[in-house]
Every structure is written in C-alpha cells, then in structure tokens.
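Below is one structure, written out as structure tokens; the observations come after it.
The values are calculated or read from the model by the stated rules, or taken from the named source; none is laboratory data. These figures come from a predicted structure and were not determined experimentally. Note that we place each Cβ from the backbone using ideal geometry, even for glycine, and neighbour counts take in every protein chain shown. Side chains included, ligands, DNA and RNA excluded: accessible areas come from the protein's heavy atoms. Shrake-Rupley method; radii C 1.70, N 1.55, O 1.52, S 1.80 Å.
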Amino acid sequence: MSVTTTIDAKVARITLDNPDKRNAFDDRIIASLTEAFETVGSDDSVRVVVLQAAGKHFSAGADLNWMRAMGKLDARQNQDDALRLARLMQGIDQCPKPVIARVQGAAFGGALGLICAADMAVAADNARFCLSEVKLGIIPAVISPYVVRALGPRQANRYFMTAEVIPAQRAMQLGIAHEVVPEAQLDESVDQLVSALLSGGPQAQIEARNLIERVKTGAIDQAMLNDTAERIARLRTGSEGQEGLSAFLEKRTPNWR
Ligand code: COA
C-alpha cells in the first residue's frame, strides 16, 4: 500500500507509505490520496487529519517517471491528468476537517503543495524543502496557489526561480512550517496541535478558515463589514456557538469534546 489511513481517537492519519521511492506520487497515489481525504472528510468520527509519511523523507514530490511518461500523451490527457493533482490539492485545502502536515526529511516539488494546502505544518529540524521544478524544466503550477499563499509572491518568486533548498528554520520564517522541532519531538508537537484542535468547535474551525479566505484580500468596505457581521451573527446564534458559549458560562465541557 502506498497510502494508508488509520483512525484513532478522532484523529485520522493519512500516511504516504512508499519510502523506497521517497514517497514520490504518481497518478495512482494521487487517486488514493484524493480518496483518503474525501473519506476522512466525510467521516463523522474524525475531527482532525494528520498527513504524514513513512521513512526518512516526507516526499520527493511528483513521480518523475510518471511526469516524463506524460510526454507520450496528448494535450487533453495531460490537462486531465494535471487537473487530478490540482483537485487533490484543493481537496486538502478544503477538507472539512483541520489538516496538519507532519514533515521530516526532504519535501520537494509537489510535496510542498501538500504541506501548504494543509492548515498547519510541523517540521523536524532535519526537514528541507525545495521547489525544484525549474531544475527539471517544469514549473510548480498546480501547487502554486497554496505555496504562494504561504510564502507571499515576493519570496515565492525567489524560490520558484532559484530552486534553492530551504532549511527547516528558514521554512518556518517563510511561513511553510508553523513549528520546527527535533525529529524525536515531532509526534509530541503534532499531538499538541491535535489537542488544541479538539478543544475547538468543529464547525467554528472550518468557518474560521473560510473567514481568512474572505478577509485576506479585498477592501475593508461596507461589504466586508456586512459579511463579517453576518458570519458572527450566524455562528453565535447557531447550535455550536450557543453550546460553546453556554458551556463556558456554565463551567462545563462543550459537547464536541
Ligand atoms: N520521482 C521518482 N522517483 C524518485 C523521485 C521522484 N520525484 N525522487 C526520488 N526517487 C527515487 C530515485 O530515483 C531512487 O530510485 P532507485 O532506488 O530506483 O535508484 C530512490 O527514489 C531514492 O532516491 P535518492 O535520490 O537516492 O534518495 P535520497 O534520500 O538520497 O534523496 C531526495 C532524496 C528527495 C532529496 C532526492 O531523491 C531528490 O532530489 N528527488 C527528486 C525530487 C524532486 O525534484 N521532485 C520534484 C518533483 S516535481
């Protein structure tokens, strides 16, 4: 199996499990990952998703044998195939459960898309990142919306064009990783985030993510004021908001815990 999923104590762990090939992903693995995210996204027993990888490295990105073989297919087939990877990234980005990427070793090319599409990332201090595509004569196309969102366009410009290897600490400064810890503490750090996420309202967390997408661009005009007011008005009168507010005031645990 190249992708495995386990569910335990409300946490789904989706594991890239092809360490011999440095967890590089081809069309088959992309389909499995897409399905895994769809499955855990619609599973009511799951509150948090951890995307992780077996072996020394998180992932070497797209399988370069598969990429090269695409040269034999026509433009239509190439477009459809590339779209499937784009949809995987979108599926992670819009997963109805918070997604944490757990990163060790190399995370190259498309792997950076997986990480930046996740809500948050914890990296081992041995992690290193690289947008290596231009060295191969290609570009980080379908991952770019998520990578540019994380890095900002100016930093993305540098790393898209130079394909420099980005060490873990620098990756944290750039916004790729939220935490960098010794590899032995990776699980503990992920668990801390899981625990923080389990304490929040599940609907509120996804609404919070959507809120950021709404406010990150656009003028702070009347439409923005109306929209943000509508969101809090809706959330605080909804069942989850009422439960969370009541639980605090009644000094009890909210029902989602
Ligand atoms: N696609 C297909 N196979 C890959 C691969 C990829 N992206 N990355 C590594 N592999 C394969 C190697 O060909 C090698 O196969 P082999 O055992 O049959 O010879 C095996 O995985 C091990 O690779 P190796 O380079 O020896 O591992 P490493 O631990 O020394 O280095 C990396 C790991 C990730 C730094 C290195 O493999 C690498 O740079 N890979 C290319 C990453 C890349 O540019 N991806 C961009 C995709 S768009």
Of the residues 151, 193, only one is within 18 Å of residue 111 (Cα to Cα), touching a residue at least 24 places away in the same chain (Cβ under 8 Å) and within 16 Å of the chain's Cα centre (by Cα); which?
151
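Just checking, which of 137, 105 is of a type outside the set (A, V, I, L, M, F, W, C), over 22 Å from residue 191 (Cβ atoms) and either within 10 Å of the ligand (Cβ to nearest atom) or surrounded by fewer than 23 Cβ atoms within 10 Å (Cβ to Cβ) (or both)? Walk me through it before giving the result.
Details: 105 fails: over 22 Å from residue 191 (Cβ atoms).
Every option except 137 fails the conditions.
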Selection over region 61-86 where residues are open to solvent by 90 Å² or more (accessible area, probe 1.4 Å), closer than 18 Å to residue 108 by Cβ and not hydrophobic (A, V, I, L, M, F, W, C) yields a count of 2
When you scan region 1-87 for strands (runs of 3 or more DSSP E) that lie fully inside it, which ones turn up with 2 or more residues that are modelled with pLDDT of 95 or more, more than 16 Å from the chain's Cα centre (by Cα) and away from the ligand (no atom under 12 Å from the Cβ)?
3-8
Quick one: which residue in 172, 120 is assigned by TED's automatic domain parsing to the domain that holds residue 94, free of Cβ contacts under 8 Å to residues at least 60 places away in the same chain, away from the ligand (no atom under 16 Å from the Cβ) and touching a His at 6+ places or on another chain (Cβ under 8 Å)?
172
From the options 62, 36, residue that is closer than 28 Å to residue 195 by Cβ and free of Cβ contacts under 8 Å to residues at least 60 places away in the same chain:
36
